[in-house]
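Below is one structure; the comments refer to it alone.
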Amino acid sequence: MKTSIIELKGLTKRYGSIHVVNHLNLNIHKGEIFGLLGPNGAGKTTTILMMLGLIEPTSGIAKVCGHNSISNPIAVKSKVGYMPDNVGFYDHMTGLENLIYIGELNGLSSKESEKEALKLMQVVGLDKYLNSKTATYSRGMKQRLGLADVLIKQPEVIIMDEPTLGIDPSGVKDFLKLIKTLSRKHGLTVLLSSHHLNQVQKICDRVGIFVKGKLLAQGNIEQLSEQLFSQTSHQISITLDEPVKLTQEEELKLLQLAKVEHIHKEGNQILISCNKILTPNIVRFMVEQNYNITSVHQKTYGLEDIYQKYFENQHLNV
Amino acid sequence: MAISYTDFSFSKSINKSVPIWVMVRKEISDHIRSWQFIILSLIIAFTFFESLYVAINNLSSAVSNTKDPDHLLVYLKLLTTTDGTLPPFHVFISFLGPLLGISLGFNAINSEQQNGTLIRVMAQPVYRDNLLLSKFISVTILISTMFLSLTLFMIGGGLLITGVPIEIEEVIRILSYIIICVFYVEFWFSLSIIFSIKFKQAATAAIASIGLWLFFTIFYNIIINIVSKVITPKSSLFSPGRYSWIETLFHMSPNQLYTDATTTLLMPKVRSLGPMSMEELAGAIPNSLPIRDSLLIVWPQVSGLISATIVCFALAYYFFMRKEIKC
């Protein structure tokens, strides 16, 4: 039994005749890391801001932690930590002061806030830069401070808009690791929006693909590829030690093997398409036929392919 | 099966009165550390001491001038006496006040939006209007502190130099003068806040506010002069000055409201702001007005200035509440 901490029902935002977000239904469970994946301008930020009650939806309901974000945004905002895509700080204040200010806005006394801020600066690894002005911070440091900023209110949900934007690869790795550890340790629900597939793939429990205001698919990577490639088949390529000479009879037998759809011969290689994973059966069959197999490769679809497929379709529609 | 999160109850409550004062405190510390406020308050302090110096030098002649009905109100004299080389302090403020207000407000909202701090603060459990309100409250506190400390300094200095005790009437007049100054600066502050909400670039907002200020100080009178000359017949019998609605229009600009109000308050001998007929002047004894009458004369000006400030602030409020936070 899973608890939904974010529930979106028929959420719609229209600017004039343009549907930025179109009847979005989404449930995010407590404690999971959900990746909202989509190209620029897909409506990810608008959706997030509607969850926070900062943009009023045209229709539909957004419920976060059981509170309606439209009628009770303050309650939602006290439980949700939001990190915008280009996180900004008061440049003339030090990192610590920025953090203390946000802590105080969340109802902590200045002493509690300072204690909490010092602790968090250590957690995100900025304890050496406590008293430097945020104007001198690098992009990666600002991102870390942003994370501390989100954590100081002791949220139940963390929403991050493009958290990896503009950080170098090793920085991204560290940052995502930090998010994952924190989420697991404190049971936090994390919603990430991104257009960086591989990063999201690494840490997300589930992803949703969001294009032009519509959620096209959701689930974990395997489910997504199943949803997406159910009509397209799996591909198995088998390499033999000699040029392939399949007899008509053998080919027929192969095709009869459950659901093999297509066989393609090319030099030493046989490419077999089927709509189920049949690799063991095919290999057994080939061995029984006395073929010497040097390699078998089963092509699996990663997020990259999934993403590519959706966005290609999208472009075709345009 | 998924169950709704509504099934759980939360005991954590938020203290709603706290954030706005946290924000006010932060705004004040921001302003005090900002260069624009330091520079302008230095200029204002400088002109204040300059005019005070001139006033002290000419105080003996002003006080001994028995033709002047209010020559014995020493502290009002300190604020208004000049030898003609420099304008008195309240005239200085009529054009430094707008600059101060504009400098405090022209980047209030748009710089926060540009830096991305606006959305970060909005994502905290605070009401959206608290941000605007905190800016307004902090500026009110700053300006009133500044004017109050300057005038208190003047009163203290005057007490040391002249040894004359201050009269209750003078206290009331000076306090009302400070209130008008604060509202005058705040009018320009709220006007520039409107521009800072409407324009994304701080520079555009600054130029727009300064443009409006220039319009009211220079062009407003010129335009009304031209229009009244065109409308009224050219005859010595109908001089433009005699049309009361033209006079009223002249007195509508915020600078004029301020100047009229402060002049009447600081110079008790001023008995009317509009033209007076011979009949009205005939029986008048050249005497200074009691504070109640002075206040009655400036009441339209004071309420006009205050309502203009409130209207501007309400507009700023309206625009800000409807603004898309997303940049």
With the label point 7 Å along the Cα-to-beta-carbon line of residue B:323 and a cut-off under 17 Å to each amide N, the hits in region B:133-152 are B:133-139
Give the range of the longest stretch in chain B that excludes all trypsin sites (Lys or Arg not before Pro) found in loop regions by DSSP and having at most 11 other beta-carbon atoms within 10 Å. B:68-233
Between region A:6-83 and region A:84-117, how many Å separate their Cα centres? 25 Å
May I ask you to evaluate 6.51 cos²θ - 1.76 cosθ + 1.60, the Karplus curve with θ = phi - 60°, for each residue of region A:161-169 and list the ³J(HN,Hα) values in order in whole Hz, giving x for glycine and proline? 9, 6, x, 9, 5, x, 9, 6, x
What's the FRET efficiency of residue A:25 with residue B:148 using the Cβ-Cβ distance as r and R₀ = 41 Å, to the nearest 0.05? 0.10
Cut-off is 10 Å between beta-carbons; in what order do B:92, B:189 appear when sorted fewest neighbours first? B:92, B:189
Going Cα to Cα from residue A:142, which lysines come in below 18 Å? Please leave out same-chain ones fewer than 8 positions away. A:119, A:128, A:133, A:153, A:173, A:177
Treating every alpha carbon of the protein assembly as shown as one equal point scatterer without solvent, the Debye formula yields log10 I(q)/I(0) values at q = 0.06, 0.10 Å⁻¹ of -0.52, -0.99
List the relative contact order of chain B as a percent without decimals, with contacts defined as Cα pairs under 8 Å and 6+ residues apart. 23 percent
If r is the Cβ-Cβ distance from residue B:43 to residue A:220 and R0 is 56 Å, what FRET efficiency results, to the nearest 0.05? 0.30
State, in angstrom, two size descriptors of chain A derived from its alpha carbons: Rg to one decimal place and Dmax to the nearest whole number. 25.0, 83
Let me have the 222 nm mean residue ellipticity of the protein assembly as shown computed from DSSP H runs of 4+ only, each contributing -39500 (n - 2.57), with the sum over all residues rounded to the nearest 500. -17500 deg cm²/dmol
Leaving out same-chain residues fewer than 8 places away, which aspartates and glutamates sit with a Cα under 18 Å from that of residue A:212? A:161, A:162, A:312
Order the peptides A:239-247, A:54-62 from the highest to the lowest mean number of other Cβ atoms within 10 Å of their residues. A:54-62, A:239-247
Can you return the lysines within cross-link range of residue B:135? Criterion is Cα-Cα under 21 Å, with same-chain partners fewer than 8 residues away left out. B:16, B:26, B:198, B:200, B:323, B:326
Normalised by the residues of region A:4-219, what does the relative contact order come to in percent, with Cα pairs under 8 Å and at least six apart? 30 percent
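Laboratory data are not the source of any read-out in this text; all were calculated from the coordinates shown. Not measured: the values here are computed from a predicted model. In this analysis, Cβ positions are derived from the backbone assuming ideal geometry, glycine residues included, and neighbour counts consider all displayed protein chains.
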